[in-house]
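Notes follow the structure.
No lab work stands behind these numbers, since they all come straight from the coordinates. If you're wondering where the values come from, they're calculated on a predicted model, not measured in any experiment. Glycine also receives a Cβ, built like all others from the backbone with ideal geometry; neighbour counts cover every protein chain displayed.
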Amino acid sequence: MQPFTLARPASLEEATRLAAAGAMPLAGGTELLNWMRLGIAAPARLADISRLPGLDAIAPLPDGGLSLGALARLNDVAAHPAVRAGYPVLRQAIHKAASAQLRNLATIGGNLLQKTRCAYFRAEESLPCNRRAPGSGCAALHGLNERHAIFGWTEACVATQPSDPAVALAALDAVVVVAGPAGARRIPLGDLHLLPDAAGAAADTALRAGEIIVAIELPGPAPRSAYLKIRERESYEYALVSAAGALVLDGRTIRRARLALGSVAMKPWRLPAAEAALAGLSLDDTAALRAALEPAFAEARPLSHNGYKVPLARNAALRVIGMIAEGHAP
Amino acid sequence: MTPMDPAPLRRDLVRAASLAALAPALPVAAQPAAAPAAAPTLRVNGAVHDLAGLDPRTTLLDWLRERLDLTGAKKGCNEGACGACTVLLDGRRVNACLVLAATLDGRSVTTVEGLARADGTLHPVQQAFIDHDAFQCGYCTPGQVVSAVACITEGHAGSEAEIREWMSGNLCRCAAYPQITAAVQDAAARMARGEA
């Protein structure tokens, strides 16, 4: 780990000023410390924001939604009564992420900023990776890419975003509130993560220099929602594919569907056409549900080793609808 | 005790830690942040230690092991994957390898060394691990024990399946998982009966 100095800003304003001057914010630390060990990041200065007052609050919003302070620990978000009752998809996604002790450190804001788990990106030795060394190429494009993207990739980068909570938050139409040197702004969750561009890897997120996530705002409750995570191990493992769903039902009829897939692209992958096609269908008409989902997967572009992800993701989307229909307990 | 004679210092620290240890399994209350002028300190197993002058890179794990000679918490992966370094921070289990010690001014840590009573009586989780032969090589055991204490006090030890899920952050390469699960279940029952 490269040497660095540690600042402890007393206010959010001071923190954004430090960040604008190049300091990296330190919250839970579960990602940042490993980036520094691997050389993915080598900041000269850290700004410890982990104890900034008030930024871990979880509070109702006037419009019926819920505000999650960015510094709220993952386990605290999942345990909150309003999340438990109103947002089971988020509670389940959190409980299927990482481990109990990591979730006591990791914050809901920092979780969204985790970087890809692509083994070439995380390698200790130097391997071609446009995200690590722009212009060096993408070793995964024709390499070991069984865990990589089937949507939204370019030849410059075929990695995926690994966050589970981000997938749930995408399905919930969450909004990320950020503070920065130029003031506060709101970023829809779906616009936070950037897909790779054609020339090289884009920045991971839409955050600008000095901007810090301060809260994540959820619209009104989505009690009929669920998260399905498919992985090679039952617990404590990243997803091969995941699916987050939120439905509004009228009896057994879908009035509104929201679906997002995880670990298939560099951002949570919403399925807007499928969501529109699902409206009006019966939960009991599996053939119609499957037909509504199918076109979304015709756009998939599997790599040399991850063709399995296309049917897996389609079936995960179908199954998460079934889980909601069965009232799957959080 | 003199600076030239570190061995008694170690023993004194450990003794002070055990004497000051709170009742097992009770979360240690968060300490209010020290006044700005005060030197930064961290409470470990009840004893207060100075954090001044630390290299900011020092993790809680390295600080416990190298400065305090509390070597119960193990450095397995040093990246938050194995759980061998699990300690309680203000009563909650965390990976000590992912926390910078210099950020912990005014807080409290309990390590495996702080679980037993001052008279040497083991914590019910420690006793249950012995009774159920819940270790082989023993390297992961301190992390497993600390994690299990938290798992039980969190209320996540209600069934074998729940224990397996909520203990999944502690890897055991000897694969003593059946015995570990049984030990946690047994310890949870003992603690519920007030045998702690």
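Within a 10 angstrom radius of each residue's Cβ in B:94-107, how many Cβ atoms of other chains show up on average? Whole number is fine. Mind dumping the intermediate values first?
Details: counts 11, 9, 1, 5, 11, 6, 9, 0, 4, 8, 2, 3, 1, 1.
Mean inter-chain Cβ contacts per residue within 10 Å come to 5.
Averaged over its residues, how many other protein chain Cβ atoms are within 10 Å of peptide A:231-242's Cβ atoms?
Average neighbour count from other chains, rounded to a whole number: 2.
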Margin query: Quick check on segment B:98-149: take the gyration tensor over C-alpha atoms, sort the square-rooted eigenvalues as a ≥ b ≥ c, and tell me if it's rounded (a/c under 1.5), prolate or oblate.
Written below: oblate
Item checked: Under 10 Å, Cβ to Cβ, from B:HIS156 - net charge with Lys/Arg +1 and Asp/Glu -1 -> -3
Notebook entry, point to check: Within a Cβ distance under 14 Å of A:ILE321, other residues only, what is the Lys/Arg minus Asp/Glu net charge?
Noted result: +3
Check: Taking every residue in B:74-85, how many Cβ atoms of other protein chains lie within 10 Å of its Cβ, on average?
Finding: 3
Checklist line | Most positive-pole-ward Cα, A:LEU26, A:LEU38, A:ALA7, against dipole of segment A:5-48 from beta carbon charges | finding: A:LEU38
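Suppose we keep just the DSSP beta bridges with both residues in segment A:1-137; what percent of those would be antiparallel, to 5?
40
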Check: Looking at the square roots a ≥ b ≥ c of the eigenvalues of the Cα gyration tensor of chain A, which shape do they give, rounded for a/c under 1.5, prolate if a/b is larger than b/c, or oblate?
Finding: oblate
Check: So how many Lys-Lys pairs in chain A land under 17 Å Cα to Cα, not counting same-chain pairs under 8 apart?
Finding: 5
Notebook entry, point to check: Taking the mean number of other Cβ atoms within 10 Å as a proxy for protection, how do you rank B:106-113, A:274-281 from highest to lowest?
Noted result: B:106-113, A:274-281
Item checked: Helical mean residue ellipticity (222 nm; -39500 (n - 2.57) per DSSP H run of 4+; nearest 500) of chain A -> -7500 deg cm²/dmol
Checklist line | Derived scalar couplings ³J(HN,Hα) [segment A:220-226; Karplus, 6.51 cos²θ - 1.76 cosθ + 1.60; whole Hz; x for Gly, Pro] | finding: x, x, 10, x, 9, 8, 7
Item checked: Loop-located trypsin sites (Lys or Arg not before Pro) in segment A:156-253 whose Cβ has at most 12 other Cβ within 10 Å (DSSP) -> A:ARG233, A:ARG252
Notebook entry, point to check: Could you give the distance between the Cα centres of segment A:1-62 and segment B:172-194, to the whole Å?
Noted result: 37
